[in-house]
1. Sort 70-76, 179-185, 126-132 for me by packing, meaning the mean count of neighbouring Cβ atoms within 10 Å per residue, highest on top.
2. Considering the dipole of the chain built from charges on the beta carbon (Lys and Arg +1, Asp and Glu -1) around the Cα centre, which of Leu180, Gln113, Leu60 is farthest to its positive end?
3. Out of the GluC sites (Glu not before Pro) in segment 114-168, which ones are loop residues according to DSSP with at most 13 other C-beta atoms within 10 Å?
4. If R₀ is 41 angstrom, what is the calculated FRET efficiency for the pair Glu19 and Arg127, using the beta carbon separation as r and rounding to 0.05?
5. For the chain, take the longest principal axis of its alpha carbons; what is the angle in degrees between that and the long axis of helix 96-111, to the nearest 10 within 0 to 90?
6. Could you work out how far helix 18-39 tilts from the main Cα principal axis of the chain, as a 0 to 90 degree angle to the nearest 10?
7. If I stretch the segment between Arg141 and Leu61 completely, what's the gain in nm (0.36 nm per residue apart, minus their alpha carbon distance), one decimal?
8. Cα gyration tensor of segment 100-169, axes a ≥ b ≥ c as square roots of the eigenvalues: rounded (a/c below 1.5), prolate (a/b > b/c) or oblate?
Amino acid sequence: MTEPPPSIPLRRPRGPNAERRAATREKIMAAAIRRLYERGYAGATTPEIAKAAGVARGSLLHQFPTKVDLILAVAEYAATKQGEFLREHKITTGSSRDQFVGSIDRLWAALRQPEGIALIEIMLATRHEPHLAEHYARFARTYERTLARGLRKFAERTGLEATEALERQARFTLTALRGLAVETMFSGDPRASEQSVALLKSYRAAFFDAAQAKTEPQAVAG
């Protein structure tokens, strides 16, 4: 998966005092991301998030009556912020091959941002939170659809066809990088993943070369 998810909009409050509620929401989202990033899902309690955001717990509960409501909003917020990071760091120079291979560095950087780690923490938490898992599944389906659209656009830009093989390769890349992000969270040493990222880039380069070879016209003998 190489393109940002463009169609998961942040929910903007409307009506009286909308700007104040929006500002409060922004503080809550930012604080929740920090708590998830620094202390994990268990440390992201609503009282602690309200305290970190500098808002009354009643204000938080008014917008998010349950922790599941809050965490699902954080997931949408984190996904949108992650998309903004990917767009900001989009590779627009070099050959199509360089852009295709280099997208791994961009995605790896995004996954290590606080928003990327927060999403992973939420995803891991669904293993032990059935109610969260039920609602998170709907968010995940929307997220995956936007990633798939981004993949097709990226494939077109780099001269590749949006085939099932490309989708499988993208899925493998995302899964591998998520696994590396989890490993890095536990090891605390981001340098340990450098060889794995380099190996993924070599796989991606080989995939690009093979795909291009299939689409190039064959030489005419004689």
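1. In descending order of packing, they fall as 70-76, 179-185, 126-132.
2. It is Leu60, whose Cα lies furthest towards the positive end.
3. Glu161
4. That pair, Glu19 with Arg127, gives E of 0.60.
5. Approximately 20 degrees, to the nearest 10.
6. 70
7. Difference between extended and current length: 26.1 nm.
8. Since a/c reaches 1.5 but b/c is at least a/b, the shape of segment 100-169 is classed as oblate.
No value in this document is a laboratory result; all are computed from the given coordinates. Values in this document were obtained by computation on a predicted structure and should not be read as measured data. When we count neighbours, we look across all protein chains shown, and the Cβ atoms used for this are built from the backbone with ideal geometry, even at glycine.
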